[in-house]
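What follows is a single structure, written as structure tokens, with notes after it.
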Amino acid sequence: MSVASLVFLIVGVLLVGCGIAGSAAGADATGLMAALSQNHNLYLALGIFVLVVVAYRVVYNRSTTRQRHVLSSTVRYVILIAVGILMVYPLLWMVGATFKDNVEIFTSIGLIPSKPTLEGYRTAMNNYGGDINIWSAMLNTYKYVLPRVVFTVISSTITAYGFGRFNFRGKKLLFAVLLSTLFLPQVVLNIPQYLMYTKFGWVDSPYYLSLIVPSLFAQETYFVYMLIQFMRGIPRDLDEAAKIDGCNIMQTLALVLVPMLWPAMVSAALFQFMWSSNDFMGPLLYVKTPSNYPATLFVRLSMDGDSGFNWTRVLAISLISIIPSLVVFFLAQSQFMDGITAGAVKG
């Protein structure tokens with residue numbers, strides 16, 4: 001055993017000893033034992049981690065090449081599985097919490113409820129604010145989310161095509177201005193946009209004009225930039241070949257570039273779908289009629305601050321409202337990952 005491994009072994013043993021001593025310390029302990037008692041779980045976890053690392057290094061150094069490969073792969077997958085469980089645990093807990101009552105929600109972190117109940121889902125179907133329930137709120141949500149996604153992808157693709165394939169006067173300046181909008185917080189635009197949309201008569205429009213119309217003008221700079229970067233990996237020879245075959249500018253875009261841009265366009269659509277579905281500030285500013293509220297406002301509306309929050313109902317409504325986003329994401333997961341990774345590699 002090397003000197004470093006021996007030092008870490010001693011440190012691990014000391015930490016484990018501190019953890020055990022702290023857990024055995026009584027409530028009336030003073031001084032050092034009181035400090036150990038308060039942090040004994042931390043010391044115990046650190047000690048076990050150090051000992052596991054030392055044991056891994058010792059076994060690894062004494063193994064053959066094949067055994068080392070198997071050992072490193074096993075450790076890698078164990079870490080990935082542990083991190084995956086840690087990341088997905090809040091969502092799984094949320095699903096289980098929809099079957100718990102308020103008391104159990106705040107007293108247990110387990111996934112399986114001790115006394116399952118459907119009260120949260122029954123109360124989730126109640127009307128709030130008049131003639132609106134969770135189903136009408138979700139329908140209202142996708143009345144503007146779907147057009148917004150379609151218009152955003154189309155306008156961003158056309159804008160990226162202009163910047164990525166053509167040279168014109170002032171292109172660099174306009175592109176710099178476009179990128180500068182990435183650093184402009186949305187909160188700065190809320191007041192002038194609200195005043196402008198009020199003059200246009202778009203506020204509280206039953207057609208959600210204030211939420212849909214801006215997407216016609218490629219307002220999401222991030223998607224434009226992502227598509228431009230993706231387009232730079234597509235050879236210009238394809239454009240020239242399409243021109244020789246008689247394609248005009250728009251035919252080249254629709255028939256040649258769009259099929260190759262499809263993974264990036266799917267990524268942009270998924271991002272916009274999730275962002276728009278989770279948007280709270282936009283509907284809060286521009287939707288005034290309760291019957292037109294989307295799901296994000298309905299979740300807030302279902303929180304009764306006077307009689308106390310029924311968290312079972314709130315969690316049930318939240319779970320129902322995010323199910324479409326989860327389904328859409330998993331259906332388009334492969335193309336989503338292709339669009340994210342391919343734009344980072346220059347062809």
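The values are calculated or read from the model by the stated rules, or taken from the named source; none is laboratory data. These figures come from a predicted structure and were not determined experimentally. Positions of Cβ are backbone-derived with ideal geometry, glycine not excepted, and every protein chain shown enters the neighbour counts. The area values use the complete protein model at the heavy-atom level, side chains included, leaving out ligands, DNA and RNA. Shrake-Rupley method; radii C 1.70, N 1.55, O 1.52, S 1.80 Å.
Can you pull out every residue in region 232-252 that is free of Cβ contacts under 8 Å to residues at least 60 places away in the same chain and either under 32 Å from the mean Cα position of the chain (by Cα) or surrounded by 11 or more Cβ atoms within 10 Å (Cβ to Cβ) (or both)? Full working, then the answer.
Our first condition is that a residue be free of Cβ contacts under 8 Å to residues at least 60 places away in the same chain; within region 232-252, this holds for 237-238, 240-252.
Hits for region 232-252 are Leu238, Glu240, Ala241, Ala242, Lys243, Asp245, Cys247, Ile249, Gln251, Thr252.
Restrict the check to region 15-23 and report whether at least one residue is more than 30 Å from Ile322 (Cα to Cα), outside any helix (DSSP H, G or I) and either modelled with pLDDT of 80 or more or not hydroxyl-bearing (Ser, Thr, Tyr) (or both).
Pass one, region 15-23, residues more than 30 Å from Ile322 (Cα to Cα): 15-23.
Still in the running and outside any helix (DSSP H, G or I): none.
No, because not a single residue in region 15-23 is more than 30 Å from Ile322 (Cα to Cα), outside any helix (DSSP H, G or I) and either modelled with pLDDT of 80 or more or not hydroxyl-bearing (Ser, Thr, Tyr) (or both).
The single condition from (1) surrounded by 10 or more Cβ atoms within 10 Å (Cβ to Cβ); (2) outside any loop (DSSP other than H, G, I, E, B) that Met87 fails is (1).
For region 146-167, the count of residues that are of a type outside the set (S, T, N, Q) and more than 22 Å from Gln272 (Cα to Cα) is at least one.
Whether any residue in region 151-167 is closer than 30 Å to Thr289 by Cα, open to solvent by less than 80 Å² (accessible area, probe 1.4 Å) and either among the hydrophobic types (A, V, I, L, M, F, W, C) or not in a helix (DSSP H, G or I) (or both) is what I want to check. Among the residues of region 151-167, at least one is closer than 30 Å to Thr289 by Cα, open to solvent by less than 80 Å² (accessible area, probe 1.4 Å) and either among the hydrophobic types (A, V, I, L, M, F, W, C) or not in a helix (DSSP H, G or I) (or both), which makes the answer yes. Of the residues making up region 157-175, just one is without any contact (Cβ under 8 Å) to a residue 60 or more places away in the chain, under 19 Å from Leu257 (Cβ atoms) and of a type in the set (D, E, K, R), namely Lys171.
Being of a type in the set (Phe, Trp, Tyr) and at pLDDT below 85 narrows it down to one of Phe99, Phe106, Phe49, so name that one. Lay out the reasoning, then the answer.
Working: Phe99 fails: at pLDDT below 85; Phe106 fails: at pLDDT below 85.
Result: Phe49 is the single residue among Phe99, Phe106, Phe49 that is of a type in the set (Phe, Trp, Tyr) and at pLDDT below 85.
From Leu189, Leu284, Leu255, which residue is open to solvent by 20 Å² or more (accessible area, probe 1.4 Å), more than 21 Å from Phe151 (Cα to Cα) and in a helix (DSSP H, G or I)?
Values: Leu189 fails: more than 21 Å from Phe151 (Cα to Cα); Leu255 fails: more than 21 Å from Phe151 (Cα to Cα).
Only one candidate passes the filter, namely Leu284.
In this structure, is Pro263 of a type outside the set (Asp, Glu), under 20 Å from Phe151 (Cα atoms) and either touching a Cys at 6+ places or on another chain (Cβ under 6 Å) or in contact (Cβ under 8 Å) with a residue 40 or more places away in the chain (or both)?
On the way: of a type outside the set (Asp, Glu): yes; under 20 Å from Phe151 (Cα atoms): yes; either touching a Cys at 6+ places or on another chain (Cβ under 6 Å) or in contact (Cβ under 8 Å) with a residue 40 or more places away in the chain (or both): yes.
Yes; evaluated as a whole, the condition is true for this residue.
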